[in-house]
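Reading through the structure tokens given below for one structure.
The values are calculated or read from the model by the stated rules, or taken from the named source; none is laboratory data. Fair warning: this is a prediction, and the values are worked out from it, not measured in the lab. Reconstructed Cβ throughout: ideal geometry from the backbone, glycine too, with neighbour counts over all protein chains shown.
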Amino acid sequence: MRITRVAALAAAATLALGITACGGDDAEEGAGAGSKSFAAGSTMERLNKAQAIKIGTKFDQPGFGQKGLSGKPEGFDVEIAKIIVKELGIPEDKIEWIEAPSKVREDVIANGTVDLVAATYTIKDERKERVSFAGPYYEAGQNIMVKKDDSAITGPDSFKDGTKKVCSVTGSTPAEEIKKYVKDVATQLVLFDTYDKCRDALKGGQVDAVTTDNVILLGFIAKDEALFKLTGANFTKEPYGLGVKKEDTAFRNFINDTLEKAFADGSWKKAWDGTAGKFGAELGTAPTVNRY
């Protein structure tokens, strides 16, 4: 009788342990995105504990960051940001997307409006005076978009005669670069806050060309192939990075580690193929991140 009772107790204990073990597995799976741990006091820990993040991107650039029918931005920049967010252990539906046109990108980082900017953001030394960059994760090149029947503009040198107007965006690298080629900045360079306004100005004949990075222009052309085309070759190199608060070295290193992982596991290429890659631009090989 004693043996039977001991055996029963042992069986009950084994069953309890089994239930506990299963419960432990369920608890771990149910812990979800917040189960990751990071160094105390780091940006990663703060964001992970909050289970929320604010990301600045553009809302007007096909293939990189454009508001879709869902009301949320879609594109390569957006997908790269989502890869970072996943590594932080934060669900995608906890991302707050904030519009970050070129002229405000440093501001929204510096003043804490966003935690991260992914917005066709060229890494430049003068910008590093206010913010820090992880990456690059892509290298674009500046080009020029004109109407399909335009044969007069063949590259940036075409603006040196002073007769043609070109449009770009305030605070952007392309706007500064094209100034080297125009004869009269005041009369030839037209600036707006977004590139879709430049596109509309070209369509309406208020300007003769739009200049920005080739992949952005290809996105516009893909939606209006009968009206627009690229002219000439790329005339700059534009390494895109992710902007974070200045001197947040730990967060920058975390993002760089995540990018290198994405380069290796194929998620970087998958993000490209599903977005900007549809417009015919080349992805090329994975860039080397700059761990300055």
For Ile178: the one exception among (1) in contact (Cβ under 8 Å) with a residue 40 or more places away in the chain; (2) touching a strand residue (DSSP E or B) at 6+ places or on another chain (Cβ under 6 Å): (1)
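Right, Asp93: farther than 22 Å from Asp193 by Cα and surrounded by fewer than 19 Cβ atoms within 10 Å (Cβ to Cβ) or not?
It is true that Asp93 is farther than 22 Å from Asp193 by Cα and surrounded by fewer than 19 Cβ atoms within 10 Å (Cβ to Cβ).
Would you point out which residue out of Asp265, Asp257 is closer than 15 Å to Leu242 by Cβ and among the acidic types (Asp, Glu)?
Details: Asp265 fails: closer than 15 Å to Leu242 by Cβ.
Matching residue, one of Asp265, Asp257: Asp257.
Within segment 45-97, which residues are in a helix (DSSP H, G or I), under 18 Å from Lys270 (Cβ atoms) and of a type outside the set (A, V, I, L, M)?
Scanning segment 45-97 gives Phe76, Asp77, Glu79, Lys82, Lys86, Glu87, Glu92.
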Unmet criterion (only one of (1) more than 21 Å from Thr170 (Cα to Cα); (2) within 18 Å of the chain's Cα centre (by Cα); (3) surrounded by 16 or more Cβ atoms within 10 Å (Cβ to Cβ)) for Ala222: (2)
Selection within segment 98-122 - surrounded by fewer than 20 Cβ atoms within 10 Å (Cβ to Cβ) and within 14 Å of the chain's Cα centre (by Cα): Ile98, Glu99
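Within segment 253-277, can you find the residues that are in a helix (DSSP H, G or I), under 30 Å from Asp224 (Cβ atoms) and touching a Phe, Trp or Tyr at 6+ places or on another chain (Cβ under 9 Å)?
Just the residues of segment 253-277 that are in a helix (DSSP H, G or I), to begin with: 253-265, 267-273, 276-277.
After this cut, where a residue has to be under 30 Å from Asp224 (Cβ atoms) as well, the list is 268-273, 276-277.
Scanning segment 253-277 gives Trp268, Lys269, Ala271, Trp272, Ala276, Gly277.
Would you check if Lys164 is at pLDDT 95 or above, basic (Lys, Arg) and in the same structural domain as Asn256 (by TED's automatic domain parsing)? Steps first, answer last, please.
Details: at pLDDT 95 or above: yes; basic (Lys, Arg): yes; in the same structural domain as Asn256 (by TED's automatic domain parsing): no.
No; evaluated as a whole, the condition is false for this residue.
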Condition broken by Gly280, with the remaining ones in (1) surrounded by 14 or more Cβ atoms within 10 Å (Cβ to Cβ); (2) within 19 Å of the chain's Cα centre (by Cα); (3) within 18 Å of Met145 (Cβ to Cβ); (4) not acidic (Asp, Glu) satisfied: (1)
Matching option when the condition is buried (at least 20 other Cβ atoms within 10 Å of the Cβ) and over 25 Å from Ala250 (Cβ atoms), among Lys72, Lys58, Lys67: Lys58
Failed condition for Asp265, given (1) touching a helix residue (DSSP H, G or I) at 6+ places or on another chain (Cβ under 7 Å); (2) farther than 16 Å from Ala134 by Cβ; (3) free of Cβ contacts under 8 Å to residues at least 40 places away in the same chain: (1)
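If you go through segment 124-151, how many residues are among the aliphatic types (A, V, I, L, M) and farther than 20 Å from Asp196 by Cβ? Full working, then the answer.
Just the residues of segment 124-151 that are among the aliphatic types (A, V, I, L, M), to begin with: 131, 134, 140, 144-146.
Cutting the leftovers down to farther than 20 Å from Asp196 by Cβ gives us 131, 134.
Of the residues in that region, 2 qualify.
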